[in-house]
Amino acid sequence: MRGRVWRAGDTPSSILNVPNIITIVRIFMAPALFWMLLVDNGELGPLRWVAAVFFVVAIGTDGIDGHIARSRNLVTDFGKILDPIADKLLIGGTLVCLSIIGELPWWVTAIILVRELGITAYRMAVLRNRVIPASRGGKLKTVLQAVAIAFYLFPLWVVLGDWMLWVNGALMAAAVIATVVSGIDYLVKAIRHQEVV
């Protein structure tokens, strides 16, 4: 627990530094978001709009904790592991909720969850030897997923018209493609690493 919590520098940083605490808060925000979505149950009432804002705030903390960690040299192995887990919990759980209330096909949720859980399992399996941070493709995939989910959560089609449903579909299709491509990229890199080792 000893080490730098906020101060920039070259000395060891604490596991419970500010960026990691922000990540932990994001994890705790997830159940509240899921509850709001399931209680609203697709009725698109005030709780749905609150849930949408809640998701944007929660997923937005991902960029904040990463920026703080890099700019103040507070990057830790604990943070490298916890950060993608927090993202996967928030994104995966929200997708499941959207499928439960019938707004998103289950096959979309299944494709994304299989990729996310598979890569997480691989990361955990090789944890003794090395920590695998998120790749650029993985980060792009997360951004596309977050944007697509945000558009699904905000019922803009009620305000702007049904053409927004096409926008939602296109964004989610891009997120699914990025998810599959980045998953294949991880697998290829894993195989190459095994060959080198």
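Before moving on, here are some points about what is shown:
- Note that the range 152-165 has calculated 3J(HN,Hα) couplings of 5, 6, 6, x, 5, 5, 5, 8, 9, x, 5, 4, 5, 5 Hz, one per residue in order, obtained from phi through the Karplus relation 6.51 cos²θ - 1.76 cosθ + 1.60 (θ = phi - 60°); glycine and proline are x.
- Computed over neighbours whose Cβ is under 15 Å from that of Ile111, the net charge equals +2, Lys and Arg +1, Asp and Glu -1.
- With Cα atoms, 0 to 90° folded angle of helix 46-71 axis to the chain main axis: 20 degrees
- Overall form of the range 44-154 per C-alpha gyration tensor (a/c, 1.5; a/b vs b/c): oblate
- Computed log₁₀ I(q)/I(0) - Debye formula, equal Cα scatterers, no solvent, the range 34-97, q 0.15, 0.16, 0.17, 0.19 Å⁻¹: -0.55, -0.60, -0.65, -0.75
- Accessible area of the range 58-197 belonging to carbon and sulfur atoms, whole % at 1.4 Å probe: 70 percent
- Rounded to the nearest 20 debye, dipole of the range 41-145 from Cβ charges on Lys, Arg, Asp, Glu: 520 debye
- Cα-based values for the chain, radius of gyration first and Dmax second, are 17.9, 56 Å.
- Environment charge of Gly102, counting only residues whose C-beta is closer than 13 Å and scoring Lys/Arg +1, Asp/Glu -1: -3
- Note that the range 61-124 presents 44 Å² accessible area per residue, ligands and nucleic acids not counted, probe 1.4 Å.
- Residues whose placed amide H lies under 5 Å from that of Ser13, excluding near-sequence neighbours: Arg4
- The range 1-72 - convex hull of alpha carbons, volume per residue in Å³: 66 Å³
- Count Lys and Arg as plus one, Asp and Glu as minus one, and take only other residues whose Cβ is under 15 Å from that of Val158; the net charge is then -3.
The values are calculated or read from the model by the stated rules, or taken from the named source; none is laboratory data. Because the structure is predicted, anything quoted here is derived from the model rather than measured. In this analysis, Cβ positions are derived from the backbone assuming ideal geometry, glycine residues included, and neighbour counts consider all displayed protein chains. Quick note on the areas: whole protein, heavy atoms, side chains included, nothing else; ligands and nucleic acids left out. Shrake-Rupley method; radii C 1.70, N 1.55, O 1.52, S 1.80 Å.
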